[in-house]
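Taken together, the values in this text are just the output of simple stated rules run on the coordinates, not laboratory data. These figures come from a predicted structure and were not determined experimentally. Reconstructed Cβ throughout: ideal geometry from the backbone, glycine too, with neighbour counts over all protein chains shown.
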Amino acid sequence: MDISSILQGGYQHPLSRSWQSRKQLTKSMLMYPIFISDNPEASETIPTLPNQRRWGINKLEDFLGPLMKKGLGSVILFGVPSNCAKDGKGSPADDPSGPVILAIKKLRELFPSLYIACDVCLCEYTDHGHCGLLHKDGTIDTTPSVDRIAEVAVSYARAGAHCVAPSDMMDGRIKAIKRAPYMAPSGMQQAVPLLLGTGNVTNYLHRLRD
């Protein structure tokens, strides 16, 4: 169907169904932010986020296990690479051996009931630090930027993410994600796009550079 939105996409997972059926905010509706390092053994403090750390995938079980026992239902993953070769199109963002895709697969294996969302952006993976691809004069080249964001989102869905959350603020990227030509074979119809609010994203993402 040539439509811009599939509303029932938000009902694919029991947790997302419960979010939409409730009329008040509860702790079960909150996502715990997890900042994923490309150092598998990382446990690094984040100065501006007290009591939070950047975690390597080998540390996730010990960190999240006790939280799961307390009732944790969902997390949102932010990739924070420091050892990858960045380029103009953010190639490491959907590298199969990159931190986010490895973390998705690890968490699906360790905690099958955990609802996994992923931040989708390019700024941590580009050599210029912006959220999209650039023209020669340094301005954003919107069309290929949107296409690239959609590629990354689908890669996360293929890896097992339940939800993709683009924070890049590129015009048209939600539509591009939903209409990606490889959507059906990738299982993307099972992953719900979540639009992150600008203010909240800014509060989180600038900490990635601490």
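The lysines whose alpha-carbon is closer than 22 Å to the alpha-carbon of Lys175, local same-chain residues fewer than 8 away aside, are Lys89.
Determine the percent antiparallel among the DSSP beta bridges restricted to the stretch 15-92, to the nearest 5. In the stretch 15-92, DSSP labels about 25 percent of beta bridges as antiparallel. Footprinting exposure proxy ranking of Leu134, Leu30, fewest other C-beta atoms within 10 angstrom first, gives Leu30, Leu134. Each residue in Phe63, Phe78 was given a count of other beta-carbon atoms within 10 angstrom of its own, and listing them fewest first yields Phe63, Phe78.
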